[in-house]
Amino acid sequence: AVAGEEAAAAAAAGGGGGVDPVSLITDAAERLTRDGFGDFELTDQATGQLVPIAPAARTSLIAAIALHAKGKEQLRKGGKDSAAESLPYLAAADAAFDACRTNGAAQLVDSLANYGHLQLDIVWAYALMGDAEYLTDAERRLRIADVAVVQKFDQTMLGMCEQAAGQGRMLPGSVVPMVRFMLLSGIAKRVRGDNAGAHADLSRARKWANALRVDEASVSMLTNLGASRAQATAALRRSEGNADRACNDFVDGQAQRQAQSQRNDRQSRAGLTADGSYVDMGLVTQLVNMNIDKKLACAALRHTNNDLAAALHAINTQPAEVLLRRRLPAQDQAQAPAVDEMALCQLVSMGFEQAVAERALRESASADPGSASDNVIENAILRASAIVAEGGARVDGMDVDGAAGGGNVGDNASSGLGDGLGATGLAALGGKEAEEDEEDEEEDDSTYVEAREVLERELGD
């Protein structure tokens with residue numbers, strides 16, 4: 001067994017009163033999903049584009065984010081005891097990310113910088129505990145972080161940062177994970193007995209860390225403008241410590257973030273194509289400029305995987321109600337070929353409604369008749385997610401619009417979380433709020449409220 005998992009199990013078993021706080025958070029994640037908090041989206045911070053999430057992976061992703069945040073909260077307290085208390089949450093967050101992989105979001109997890117940051121947080125906890133028993137697992141997690149975080153940095157940019165740090169110039173905040181990796185790698189090498197390697201890594205980490213320091217008076221100036229400390233620090237680092245430039249950067253960034261949020265909202269409303277990609281809003285604009293109804297343009301692009309020529313052909317040759325339909329007509333269903341029962345069971349077990357799973361499997365098989373069954377299932381997961389996004393289906397008892405029991409969902413507010421891919425704002429619930437289960441214990445309810453606050457802070461900040 002992995003050392004971190006052993007520590008998590010031991011700490012959870014020793015919880016006061018027999019109550020496992022990790023289980024309370026995972027239970028809260030399930031309730032949050034039912035209450036509509038599963039209807040959030042991820043944004044690729046490099047492109048600003050929304051990234052689809054398999055519906056069955058949403059609960060696990062909520063749990064991973066909430067557990068990671070709780071673990072970081074404990075870790076920030078410092079000291080050996082706090083590090084030990086953080087491990088159950090961090091190890092459970094790691095397991096939740098693994099569950100995301102199992103539920104059709106393996107590629108998404110590999111893209112998330114948050115997953116790499118979690119590995120660094122676990123190694124940091126090991127370092128604070130000062131127990132060489134965790135060395136092997138720490139080295140394994142550092143290798144994961146190397147792939148998930150370090151190798152995604154542009155090598156030319158890193159070379160420029162190395163030069164800037166040597167000259168005492170300020171570095172951008174985006175390299176903070178890199179500095180953490182250097183520091184933790186140096187500590188692991190020291191414990192392993194590689195003194196030369198440890199000295200090189202630790203010296204480099206010290207030089208880069210000094211180049212990340214910001215002036216506290218400048219931070220206060222920005223927080224007075226409404227910036228959070230994290231936003232103020234990031235703006236100062238982007239402006240190489242110049243407070244006036246940082247203020248302008250923050251104000252301009254606010255407008256850009258608001259504009260990006262509006263673009264993402266429009267893109268989300270347009271839905272997913274048959275291959276699981278978001279509808280190209282640029283193509284929608286082109287079709288609208290041709291006096292084509294926007295809803296019809298979005299529907300045509302969804303059906304044709306953003307092929308503009310094919311979308312135009314579909315609009316000109318098919319009735320609008322056919323393009324706008326959300327389910328197969330009865331006659332099509334009667335003539336539809338049988339689906340693979342094993343594949344159907346796999347999709348249903350992931351939380352998709354049976355009708356959605358059957359339709360996705362048929363469309364995936366017909367799109368690529370000679371494809372291997374594994375590829376058909378993978379494509380069917382993406383197609384099923386697209387069907388759910390279009391509407392007219394249910395997943396895990398939730399209406400497609402995201403509100404349990406048929407409530408309405410308001411606009412999505414989006415923002416970034418971490419470097420690389422970050423989780424965006426949660427859908428605001430409208431209409432009737434889901435009623436609290438009268439049999440829930442008071443501690444369960446307090447955990448639910450805390451988890452909800454954590455998610456709002458982590459996803460909506």
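The values are calculated or read from the model by the stated rules, or taken from the named source; none is laboratory data. Fair warning: this is a prediction, and the values are worked out from it, not measured in the lab. Backbone-built Cβ (ideal geometry, glycine too); neighbour counts: all protein chains shown. SASA here: full protein model, heavy atoms, side chains in, ligands and nucleic acids out. Shrake-Rupley method; radii C 1.70, N 1.55, O 1.52, S 1.80 Å.
Rg/Rh for segment 238-308 stands at 1.24; both radii use Cα atoms, and Rh follows the Kirkwood definition.
log₁₀ I(q)/I(0) of segment 101-242 at q = 0.12 Å⁻¹, via Debye over equal Cα point scatterers, no solvent, to two decimals? Taken in order of the listed q values, log10 I(q)/I(0) reads -0.58.
As an equivalent ellipsoid, segment 174-274 spans semi-axes of 36, 23, 9 angstrom, where each value is the square root of five times an eigenvalue of the C-alpha gyration tensor, largest first.
For segment 68-181, what does the alpha-carbon gyration tensor say about shape, rounded, prolate or oblate, given a ≥ b ≥ c as the root eigenvalues, a/c under 1.5 as rounded, and a/b over b/c as prolate? Here segment 68-181 falls in the oblate category.
Shown here: segment 92-138, whose C-alpha atoms stretch 37, 17, 15 Å along the first, second and third principal axes, sorted largest to smallest.
Of the trypsin sites (Lys or Arg not before Pro) found in segment 133-215, the ones in coil according to DSSP and having at most 15 other Cβ atoms within 10 Å of their Cβ are 169, 213. Counting only protein heavy atoms and a 1.4 Å probe, segment 167-215 has 51 square angstrom of accessible area per residue.
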